[in-house]
Amino acid sequence: MCRVTGCRICGGAVEEFLDLGRQPLSDAFRRPDDDAEEFFYRLAVGQCGDCTMVQLMEEVPRERMFHEDYPYHSSGSAVMREHFTRTALGFLGTELDHDDAFMVEIGCNDGVLLRTVADAGVRHLGFEPSGGVAALAAAAGVRVRTEFFEEETAAAVRAAEGPADVIFAANTICHIPYLDSVLRGADALLGPDGVFVFEDPYWGDIVAKTSFDQIYDEHFYLFTVRSVSELAERFGFALVDIERLPVHGGEIRYTLARAGARTPSPAVAEARAAEDARRLTAPDVLTGFATSVAAIRDDLVALLRTLRAEGRTVAAYGATAKSATVANYCGIGPDLVSYVCDTTPAKQHRVTPGMHIPVEPPETFAGSYPDYALLFAWNHAEEIMAKEEGFRASGGKWIGYVPDVRVS
Ligand SMILES: [Zn+2]
């Protein structure tokens with residue numbers, strides 16, 4: 001266990017403002033009969049007093065999170081498949097629209113984006129340390145290196161294959177505590193006019209919605225436009241564009257270029273000004289967020305206890321990584337939620353990390369609807385509610401907790 005004593009980016013002092021308690025690995029789904037000791041760490045968040053980077057106070061070793069059995073498949077959601085296909089086509093029509101273009105993706109998962117680049121016959125390479133999903137990418141015709149992207153591996157690719165026009169990452173960069181090595185790797189690999197583009201959950205949205213379940217082991221950093229700007233400048237880059245994305249509960253796509261290579265879009269300064277106006281980095285705003293998180297926990301647990309006392313049946317929907325934070329922070333176990341249904345075969349017939357709620361396939365849900373369903377996968381609410389319209393038609397009610405606890 002690695003205890004963080006200073007900012008992982010600049011070495012400044014990190015002030016803790018939220019403690020979500022003892023937590024398991026968010027993706028460690030266990031067999032019901034597995035009685036091996038479970039790994040726990042303390043999930044707490046702080047902000048650096050110097051560079052303003054919001055980060056976890058404790059670091060989980062990466063091999064514990066990203067391994068052969070990593071269960072998250074990016075292609076699992078139709079909305080995300082469409083998002084990444086559109087993203088790939090965007091790059092193919094702009095940055096990659098010349099001879100011998102080269103795109104590298106960090107954390108390519110099952111190849112959901114790079115397969116479109118591969119199909120277009122454009123040179124590409126994915127880094128994916130989780131062997132299971134990397135094999136799926138390879139099977140889809142994507143070139144993959146089953147290893148972590150860092151300074152040494154990036155330099156090796158540059159030496160063997162030349163500079164990249166685009167380095168892209170989705171829901172990956174915020175996972176990486178040793179971001180200094182990643183930025184030095186990008187510096188080694190990127191061409192003079194290349195772009196390093198990454199999209200991750202936006203801390204500004206997390207605060208606005210009190211979506212504290214975006215905080216879990218894999219999300220080591222919670223970015224703002226300001227903290228990413230400062231990060232970029234520290235490593236010889238500049239933040240030249242940002243784009244708000246509606247996926248995963250609110251993200252930003254950041255575009256970095258070499259310092260001076262491109263003119264920043266007005267969107268960057270506008271977003272910085274908006275963050276300043278709402279005092280996003282102010283200590284009282286951060287402690288206010290922590291107070292709101294505790295209020296959601298109290299409301300949600302009170303509601304579930306009342307429903308169970310009334311004899312109602314309650315299931316949950318979506319055994320997401322972020323639901324581990326909610327269940328373990330709130331103490332929601334099988335006594336309050338009898339099972340959670342999920343479409344991922346690797347999670348089914350296992351139990352959730354820490355609280356050990358059984359995971360069932362969606363057929364269990366559709367076979368006999370509960371009275372209430374706690375929507376853990378709230379970021380896919382529209383997609384799920386459309387697919388499960390029979391639940392509401394039968395009198396079932398959804399329970400949400402972002403931005404506050406509500407029944408609908
Ligand atoms: Zn710092």
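The values are calculated or read from the model by the stated rules, or taken from the named source; none is laboratory data. Remember, predicted model here, so these are calculated numbers, not experimental data. All Cβ positions, glycine included, derive from the backbone under ideal geometry; neighbour counts span all protein chains shown.
Scanning region 34-59 for residues that are surrounded by 20 or more Cβ atoms within 10 Å (Cβ to Cβ) and away from the ligand (no atom under 16 Å from the Cβ) turns up Tyr41, Leu43. Of the conditions (1) part of a loop (DSSP other than H, G, I, E, B); (2) under 25 Å from Gly76 (Cβ atoms), Ala169 clears all except one; give me its number. Of (1) part of a loop (DSSP other than H, G, I, E, B); (2) under 25 Å from Gly76 (Cβ atoms), only one is false for Ala169: (1).
Of the residues making up region 1-33, those that are away from the ligand (no atom under 14 Å from the Cβ), part of a loop (DSSP other than H, G, I, E, B) and surrounded by 13 or more Cβ atoms within 10 Å (Cβ to Cβ) are Leu25, Ser26, Asp27, Ala28, Phe29.
Gly93: within 16 Å of the ligand (Cβ to nearest atom), surrounded by fewer than 20 Cβ atoms within 10 Å (Cβ to Cβ), over 19 Å from the mean Cα position of the chain (by Cα) and on the phi < 0 side of the Ramachandran plot, yes or no? Working first, answer last.
On the way: within 16 Å of the ligand (Cβ to nearest atom): no; surrounded by fewer than 20 Cβ atoms within 10 Å (Cβ to Cβ): yes; over 19 Å from the mean Cα position of the chain (by Cα): yes; on the phi < 0 side of the Ramachandran plot: yes.
Against the criterion (within 16 Å of the ligand (Cβ to nearest atom), surrounded by fewer than 20 Cβ atoms within 10 Å (Cβ to Cβ), over 19 Å from the mean Cα position of the chain (by Cα) and on the phi < 0 side of the Ramachandran plot), Gly93 does not qualify.
When region 24-58 is limited to residues that are of a type in the set (S, T, N, Q) and within 17 Å of the chain's Cα centre (by Cα), the one that is farthest from Thr210 (Cα to Cα) turns out to be Ser26. Given the criteria under 27 Å from Asp35 (Cβ atoms) and surrounded by fewer than 22 Cβ atoms within 10 Å (Cβ to Cβ), does Asp299 qualify? Spelling it out, it is not the case that Asp299 is under 27 Å from Asp35 (Cβ atoms) and surrounded by fewer than 22 Cβ atoms within 10 Å (Cβ to Cβ). Restricting to region 314-355, and then to whatever is buried (at least 17 other Cβ atoms within 10 Å of the Cβ) and on the phi > 0 side of the Ramachandran plot, can you tell me which residue is farthest from the chain's Cα centre (by Cα)? Among those residues, the one meeting the criterion is Gly354. Count of region 252-267 residues, restricted to those that are crowded, with 20+ Cβ neighbours inside 10 Å and free of Cβ contacts under 8 Å to residues at least 60 places away in the same chain, is 2.
Of the numbered conditions (1) over 15 Å from the mean Cα position of the chain (by Cα); (2) at pLDDT below 95, Asp217 satisfies every one except a single condition; which is it? Unmet for Asp217, out of (1) over 15 Å from the mean Cα position of the chain (by Cα); (2) at pLDDT below 95: (1). Scanning region 355-381 for residues that are assigned to a helix (DSSP H, G or I) and free of Cβ contacts under 8 Å to residues at least 60 places away in the same chain turns up Pro362, Glu363, Thr364, Phe365, Ala366, Gly367, Ala381.
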